[in-house]
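Written out below as structure tokens is the structure these notes cover.
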Amino acid sequence: MIRGTSTQIRTKADFISSLTTASRIYYPAREMSIYDYNSFENTSYQPNVAAKVVGLAFLSAVSAWEDFISNIYLGYLSGYPTESGYLPKLRYGKAQNKTHALLLAAGERNKRDAERRMRWGNFHWVQATSEIHFGKGNVFQLISPLDVEYLDLAIVLRNRVAHNSDAAKLQFKSAVNRLLNFPKNAPLPTGFSPGKLMVSSIESNSRLKHLQSDEHHWGDIFEGYISLWERIADQLCPSLRQAS
């Protein structure tokens, strides 16, 4: 096996495992977040509490996504190919290892300052930066604008789960209204949260069809994001199965 390949394989496997864990947290909480008689009488959580658990499951998935992007990107910068043998063209040679790659990418001499500079949650930034290190046409730049739009939305939702600030609330309201094709400043229903958005059916709005997959059980937005991340992970880190 080519040096570094196992690192990229492990990075992708860890990411998929994290998505599976997030889904296992989500599945029981989803059922409890639906308002009906059983929500109050026969479950461990009341719906609002269950919706918070759904939001936390989504937050953990977004965190895993950012870790995946960071590790795959720095792996490539270190000259580590994927299982399929893919490695983007390195415009300035390879780093000694992933820590060295981080320092080079950030233009810093210590790891803490370098980590603060990186913006792995901003995929537009990742795409722009990748052109510096790998040139045009690399796998990061091949992710479609519509996929990037949904990746951006995931960060807005994550921020609303993590923060109760006015800025986070305003961004969340604007994003949801845009997603559901409502007026930009239309008020959201009382108590509406990222967790409640996650259990919304994809079929309820044509703008959500991009998240649809045959593998969905409930066909909701949370499952849509899981399949979106898995699909993009395959694009960014192709396996032998995809190459054959």
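The values are calculated or read from the model by the stated rules, or taken from the named source; none is laboratory data. What you are looking at is a predicted structure, and each value in this text was computed from that prediction instead of being measured. With ligands, DNA and RNA removed, areas are computed over all heavy atoms of the protein, side chains included. Shrake-Rupley method; radii C 1.70, N 1.55, O 1.52, S 1.80 Å.
Quick notes on this one:
- Over all pairs of different C-alpha atoms in the chain, the reciprocal of the mean inverse distance, the Kirkwood hydrodynamic radius, equals 19.3 Å.
- Heavy-atom surface analysis with a 1.4 Å probe gives the chain a carbon and sulfur content of 50 percent of its accessible area.
- Tally of Lys pairs whose C-alpha atoms are under 20 Å apart, taken over the chain, 8 or more apart or cross-chain: 15
- Working note: Debye formula, equal point scatterers on the alpha-carbon atoms of the stretch 4-144, no solvent; log10 I(q)/I(0) at q = 0.18 Å⁻¹ is -0.98.
- Summarising the amide proton neighbourhood of residue 79: residues at separation of 5 or more, or on other chains, whose placed amide H is nearer than 5 Å comprise 95.
- The chain: angle of helix 47-77 to the longest principal axis, Cα-based, in degrees nearest 10: 10 degrees
- Under Karplus coefficients 6.51, -1.76 and 1.60, residue-wise ³J(HN,Hα) of the stretch 151-157 in Hz, glycine/proline x: 5, 4, 4, 4, 5, 4, 5
- Summary of the geometry: the stretch 203-243 and the stretch 97-159, compared by the centres of their Cα atoms, lie 21 Å apart.
- Here the translational diffusion coefficient of the stretch 113-207 follows from Stokes-Einstein with Rh set to the Kirkwood radius across Cα pairs; for 4 °C and 1.567 mPa s it amounts to 85 µm²/s.
- Counting only Cα atoms, the stretch 151-244 measures 50, 26, 20 Å along its principal axes, largest extent leading.
- Residue of 112, 91, 160 that the Gaussian network model of the chain assigns the largest fluctuation, springs spanning Cα pairs under 10 Å: 112
- Helix 123-134 and the longest principal axis of the C-alpha atoms of the chain enclose an angle of approximately 10°.
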